[in-house]
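This report concerns only the one structure given below.
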Amino acid sequence: MKLHRRQVAASLLKDRGNLLVVAGLGSTSWDITAAGDSPLSFPTWGAMGQAAMMGLGLALAQPKRRVLVITGDGEMLMGLGSLATIGVQQPKNLAVVVFDNERYGETGMQQTHTAFGVDLAGVAKACRIPQCETITTAKGVSALRTKIHKGAGPVFAAIKVLDEKLPLVLPPHDGVLLRARFRRALLGKSADVLPEEL
């Protein structure tokens, strides 16, 4: 069974509190924005393959905060090495969730390797991430939400979603604005805070 991605995003982000969210390039950025734009969300524009590493950096720099990465299968496939680094670092406050529609949504819906049996949860498990699963039901999403907000990480989940075309719900496109509002929301300081202070 495959799920509706926007419903999954809304479920994971409901009553999110102070959860820090990094979204991968493209559709997952639109998904988190459709669930409700927040200054504690950092949608990536043009940084394919980088979402999990950005989330890891945040989790290590902010060990008392929960960090969720929501990305797509194409973006995750480009950044597979990040799973090995997460497995070595073992951040207890990090969850990586992949919306797997088995398609490259930004370039024409070509099939990704997951359409041919590549198992992202299996890769994550081989990289020593202790909690890994592939989810195909709403009940599984609900249980995952609890792990994201209350469980010990790192957590990895690939959620099988439909390859549906949805209206774009775009976050701000200005990278400087996104960086500044995220820093203000995270640190409670002015936008001119230095990068090393993150």
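The values are calculated or read from the model by the stated rules, or taken from the named source; none is laboratory data. Quick caveat, the model's predicted, so the values are computed rather than measured. Ideal geometry is used to build each Cβ from the backbone, glycine not excepted, and the neighbour counts take in all protein chains shown. Only protein heavy atoms, including side chains, enter the accessible area calculation; ligands, DNA and RNA are left aside. Shrake-Rupley method; radii C 1.70, N 1.55, O 1.52, S 1.80 Å.
Each residue of the stretch 156-161 was assigned a 3J(HN,Hα) from its phi angle through the Karplus curve 6.51 cos²θ - 1.76 cosθ + 1.60 (θ = phi - 60°); the sequence is 10, 9, 9, 9, 6, 10 Hz, with glycine and proline shown as x. Computed from the C-alpha gyration tensor, the three semi-axes of the ellipsoid equivalent to the chain are 24, 19, 16 Å, from longest to shortest.
In this model, which of LYS14/LYS125; LYS64/LYS160; LYS2/LYS147; LYS125/LYS147 are farther than 19 Å apart at the alpha-carbon? Long pairs (Cα-Cα over 19 Å): LYS14/LYS125; LYS64/LYS160; LYS2/LYS147. Two decimals is fine: what is log10 I(q)/I(0) at q = 0.23, 0.29, 0.30, 0.31 Å⁻¹ for the stretch 129-181, from a Debye sum with one equal scatterer on every Cα and no solvent? Once normalised to I(0) and log-transformed, intensities are -0.86, -1.02, -1.07, -1.13. Mean sequence separation of contacting Cα pairs (under 8 Å, at least six apart), scaled by the length of the chain, corresponds to a relative contact order of 25 percent. Among 129-140, 170-181, sorting by the average number of other beta carbon atoms lying within 10 angstrom of each residue, highest first, gives 129-140, 170-181. Available extension along the chain between LEU60 and GLN89 is 9.6 nm, counting 0.36 nm per residue and deducting the alpha carbon span. With the helix formula -39500 (n - 2.57) applied to DSSP H stretches of n ≥ 4, the chain reaches a computed 222 nm mean residue ellipticity of -11000 deg cm²/dmol. Using Cβ point charges alone (K and R +1, D and E -1), the dipole size of the chain about the Cα centre works out to roughly 780 debye. Remark: the THR137-ASN18 segment gains 40.2 nm on full extension, using 0.36 nm per residue and subtracting the alpha carbon distance. Please quote Rg/Rh for the stretch 86-179 to two decimal places, taking the Kirkwood radius as Rh and restricting both calculations to Cα atoms. My calculation puts Rg/Rh at 1.02.
Distance from the C-alpha centroid of the stretch 86-106 to that of the stretch 130-181: 8 Å, rounded to the whole angstrom.
Sequentially through the stretch 16-30, phi angles give Karplus couplings (6.51, -1.76, 1.60; θ = phi - 60°) of 6, x, 9, 4, 8, 10, 10, 10, x, 4, x, 4, 5, 5, 5 Hz, Gly and Pro residues having no value and appearing as x.
Here the spin labels are modelled as points 7 Å beyond Cα on the Cα-Cβ line, and at LEU80 and LYS147 they lie 2.1 nm apart. Averaged over its residues, the chain has an accessible area of 46 Å² per residue, based on protein heavy atoms and a 1.4 Å probe. Go ahead and collect, in residue order, the members of the stretch 131-148 whose backbone nitrogen is under 11 Å from a label point 7 Å along the Cα-Cβ direction of ASP119. Answer for the stretch 131-148: 133-134.
A compact globular protein would have a Cα radius of gyration near 2.2 N^0.38 Å; the ratio found for the stretch 109-148 is 1.36. Computed from phi, the 3J(HN,Hα) profile of the stretch 5-14 under the Karplus parametrisation 6.51, -1.76, 1.60 (θ = phi - 60°) reads 4, 5, 5, 5, 4, 4, 5, 5, 9, 5 Hz, with x in place of Gly and Pro.
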